[in-house]
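Data block below; observations after.
The values are calculated or read from the model by the stated rules, or taken from the named source; none is laboratory data. None of these values were measured; they are calculated from a predicted model. Counting neighbours? That spans all protein chains shown, and the Cβs are built from the backbone with ideal geometry, glycine included.
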Amino acid sequence: MRKLMLLLAVLGLVGTLFAADPLLGTWKLNAAKSKFSPILLALEKDVAPKETTMVIQNLDNERIEITETGTRIDGSTVSQKFRQPRQGGTVESSLAKGISFIHTVISESERVATILQDGKQSQMIHWVVSQDGKNLMSTRRVLDAQGKPVEHIAVYDRQ
C-alpha cells in the first residue's frame, strides 16, 4: 500500500512538471473589466485599445512568443510581437535602443516584466492568470511626471 501511494505521489509530481503553462493560449481583452488611466495614456501619447487579442505560444524550449493584434479607440491598429525567456531573464528590445526587459517568473501563473530605459526602471507589468485559468490580469505601472505611480489594468478572457 505504501509503495502504491508513493508511486501515485511521484506520478502526480511528474504530471505537474509537464503541465501546460497557464499563460499559453489565446486571450481577448475584456474592455468592460479593464481600466486604462487617462494620465498614463496622455503621458505615453497612447490610445486605449478598443479590442485586442494576444496569442501566447511556445517558440521553442527556452522562449515564448507573445503576438498582440487589435484596434485602438481611435481606429488605429495594434500589432506587436515579443519574445521572452520561458524561465525568466533579460532581453534587449528590438523596438527601441536602450530599452531592455527583465522577465521574472513568480509562479506558473504569475510573471513580472520590469522595463528598463538606459538601465533605469521605467515600467513594471505584472501578469496573473486566475486560478480557474479563464482570465489574465495585466497591471502596468509607470511613474508620471511628478513621480506618482499610475497604472493600467487590462483584463483578458481566455478564448
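I'm told Gly25 meets every condition in (1) within 21 Å of Arg83 (Cα to Cα); (2) at pLDDT below 90; (3) small (Gly, Ala, Ser); (4) in contact with a strand residue (DSSP E or B) (Cβ under 9 Å, 6 or more places away or on another chain) except one. Can you identify the failing condition by its number?
(2)
Just the residues that are among the hydroxyl-bearing types (Ser, Thr, Tyr) and part of a loop (DSSP other than H, G, I, E, B), please, taken from the stretch 109-159.
Result: Ser109, Ser130.
Just to check your reading of the model, which residue among Ile115, Ile125, Ile102 is of a type outside the set (Lys, Arg), in contact with a Gly (Cβ under 9 Å, 6 or more places away or on another chain), closer than 26 Å to Ser37 by Cα and without any contact (Cβ under 8 Å) to a residue 60 or more places away in the chain?
Details: Ile115 fails: in contact with a Gly (Cβ under 9 Å, 6 or more places away or on another chain); Ile125 fails: in contact with a Gly (Cβ under 9 Å, 6 or more places away or on another chain).
Exactly one of Ile115, Ile125, Ile102 is of a type outside the set (Lys, Arg), in contact with a Gly (Cβ under 9 Å, 6 or more places away or on another chain), closer than 26 Å to Ser37 by Cα and without any contact (Cβ under 8 Å) to a residue 60 or more places away in the chain, namely Ile102.
So Val47 clears everything in (1) under 23 Å from Thr26 (Cα atoms); (2) assigned to a strand (DSSP E or B) except one condition, right? Which one?
Single failed check for Val47: (2).
Of (1) among the aliphatic types (A, V, I, L, M); (2) at pLDDT 85 or above; (3) outside any strand (DSSP E or B), Val105 satisfies all except one. Which?
(3)
Going through the stretch 83-102 one residue at a time, which ones are at pLDDT below 90 and in a strand (DSSP E or B)?
First, pick out the residues of the stretch 83-102 that are at pLDDT below 90: 83-101.
The answer is Arg83, Gln84, Pro85, Gly89, Thr90, Val91, Glu92, Ile99, Ser100, Phe101.
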